[in-house]
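The values are calculated or read from the model by the stated rules, or taken from the named source; none is laboratory data. All values reported here derive from a predicted model rather than from experimental measurement. Cβ placement follows ideal geometry from the backbone for every residue including glycine, while neighbour counts extend to all protein chains displayed. Keep in mind that these areas ignore ligands, DNA and RNA; they rest on the heavy atoms of the full protein, side chains included. Shrake-Rupley method; radii C 1.70, N 1.55, O 1.52, S 1.80 Å.
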Amino acid sequence: MTMSSPLCRILYVEDQPDIRLVAKMALEVVGGFTVMACASGQEALNCAPDALADLLLLDVMMPGMDGPSTLQALRKLPATAHTPVVFMTAKVQAAEVALYKAMGALEVIFKPFDPMKLSGQLRQIWAARP
């Protein structure tokens, strides 16, 4: 994958159905992305090999496997071992943001997010990645 590759496919994990629907629609309609939306970390693990995702977009607070645990599990799969990740969370303490970035997150998007701006945020994060 070259550094100039466009962001096209997103594997999105969010346990709240309403948030998942709004974000998926916003990313597809506004952003033109292909989005595979999963309701849990386990579902993401099942979908990841076929998702061919350019980016992982993970909710932090989820029952069962939370976002960080989901990321650790996804990192063990060849398909997502090196896929860039962005976390989404309503908990915005600096220490937590630093922790997610230490886990390899490109960025942390705060909830509630603006559906009309979400695609642009992800494009900016994508463009700025190392």
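Observations, loosely collected:
- Positions within the range 24-36 being buried (at least 16 other Cβ atoms within 10 Å of the Cβ) and either of a type in the set (G, A, S) or out of contact with any strand residue (DSSP E or B) (no Cβ under 7 Å at 6 or more places or on another chain) (or both), in sequence order: A26, G31
- With respect to (1) under 19 Å from L7 (Cα atoms); (2) at pLDDT below 95, the lone exception for Q93 is condition (1).
- Meets criteria (open to solvent by less than 70 Å² (accessible area, probe 1.4 Å), under 13 Å from V13 (Cβ atoms) and in contact with a strand residue (DSSP E or B) (Cβ under 8 Å, 6 or more places away or on another chain)) for A73: no
- Subset of the range 37-59 (residues that are over 18 Å from D18 (Cβ atoms) and in contact with a Lys or Arg (Cβ under 8 Å, 6 or more places away or on another chain)): A51, L52, A53, D54, L55
- Hey, M62 open to solvent by less than 30 Å² (accessible area, probe 1.4 Å), more than 12 Å from the chain's Cα centre (by Cα) and either closer than 23 Å to P130 by Cβ or in contact (Cβ under 8 Å) with a residue 24 or more places away in the chain (or both) or not: yes
- A single member of M62, M88 is out of contact with any Lys or Arg (no Cβ under 8 Å at 6 or more places or on another chain) and hydrophobic (A, V, I, L, M, F, W, C), and it is M62.
Yes or no, residue by residue, for (1) open to solvent by 40 Å² or more (accessible area, probe 1.4 Å); (2) without any contact (Cβ under 8 Å) to a residue 12 or more places away in the chain:
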site: P17; (1), (2): yes, no
site: V22; (1), (2): yes, no
site: C38; (1), (2): no, no
site: A53; (1), (2): no, no
site: A95; (1), (2): yes, yes
site: A102; (1), (2): yes, yes
